[in-house]
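What follows is calculated from the coordinates using simple rules that are stated; it is not laboratory data. Since the model is a prediction, treat every value here as computed from it, not as a measurement. Methodologically, a virtual Cβ is constructed for each residue, glycine included, from the backbone with ideal geometry; neighbour enumeration extends over all protein chains shown.
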Amino acid sequence: MLLTVLFATLGTANATVIDGRLTTSALAYEASPTDSASVTHLRTYAALRLKVTNLGDRRVSLTTYLRATTDLSERAGDDPALRPVSTYLRFKDDHLDLRLGRQYLYAGVGYGQVDGVRADYRIARMRLTLHGGALVPVYGEVGLGSFSDAHLWGLRLSTDRFAGVDVAISYADRERDPLPYKSAGQYSGFVGQPESVHRQLVGIDARRRFGVHNVHGRLDWDLVSEHLRRAEVGARVAVHPRLSLSADWLRREPALFTSSILSVFAAEGFDEVTLRARYQVHDKLSVGAHVAAVTYDTDDSQRLGVSASFGRHLTLGYSRSQGYAGGSDGLSGSLLYSLSDKLMLRGQLGIASYERVADDREDLLSGVAAATYRASRQLSIDAQLQAMRNPAYDADLRLLLRASWRFRS
């Protein structure tokens, strides 16, 4: 019925335009654990993005994104796997933006991947978003989602008419029935049907700009559990054309499904305060620093970091973290160099030392060497070699090859 009404509004047909990108890649990796024999895998991927516009009318388009993968050396249980990430029909004019099909939703507290509908209506500097549908099946299951098994619906209303403040309020109703455990979970020992988690979230977010300065805030509340899910406040100030400072505070509460592997670990809410500074010394040198303090219900941790960027080619950094999980120090560097308009080389190196037990430090070394060749405006080819060494692996080598072709007709 919706499609009938939609196409009934179409006018004179225009030439259909197809714009797409096909990407194929292969990832070969060999890992040598310290306590067992080495293993080798060769996994291939393919992705197709298509946008078909002017489907009988310039206001109608079709967008799809498909992904396929398989392991050529040791197939997993669902190989080869084809997953439609998104496929939706879109109608858009000066006031209405309507999407029907599989899509990602981002509408305040309402977010997720659904088989459903989204409608955005704009009028008089206000925007109303209505959305609803079945959450996409988990674990790579084929087929459409079932609204009775898992659903997400809600709305978002936004405007910039409050004295220059961008304000949005949103509501979302979300529920999913977890898959039953037919045998005891490896870590939880649970057998049976976990309880579904029903969330009714209401949120408000606001942002105010003062030239190059801005402040923002957000609050998410769960009507079912009757407690705060997320709150944040932040500000960015350009105290000088070359110097900017920012401060952010974030409060979050954990929200985990019973069937999630993370549910077997202790989870606590936390408060995080972060301060950042960025200074442009001159056109080819900028330096930055950040410090953060994280306070959990029963513990705390701290982070700090400094970095320096030399033009667009070289970046160096140091990071430090410490707290309830131990401490770590890391040095990193990245290099970007263009040999020509078509060929670009990249390199990354990371050295880290971390302490999980007092007076017992372990080291990690990682590196990346990559090249990108732009054969034409339509074709690009990438190659990337990754290597890592840590206490768990004597060696971990990975080679990624990728080709991407863009076409239009």
Given charges at Cβ of Lys, Arg, Asp, Glu: the chain dipole, positive-most of 243, 104, 132: 243
Computed magnitude of the charge dipole of the chain (debye, nearest 20; Cβ of K, R +1, Cβ of D, E -1): 2360 debye
Scattering curve values for the chain, log₁₀ I(q)/I(0), Debye with Cα scatterers, q = 0.06, 0.08, 0.12 Å⁻¹: -0.35, -0.65, -1.71
Per-residue Cβ neighbour rank within 10 angstrom, fewest leading, 57, 341, 363: 341, 363, 57
Partners for residue 92 among lysines (Cα-Cα distance below 20 Å; same-chain residues under 8 apart left out): 51
Which of 345, 314, 335, positive extreme of dipole for segment 307-359 (C-beta unit charges): 345
Candidate aspartates and glutamates - alpha carbon under 16 Å from residue 342, same-chain residues fewer than 8 apart omitted: 382
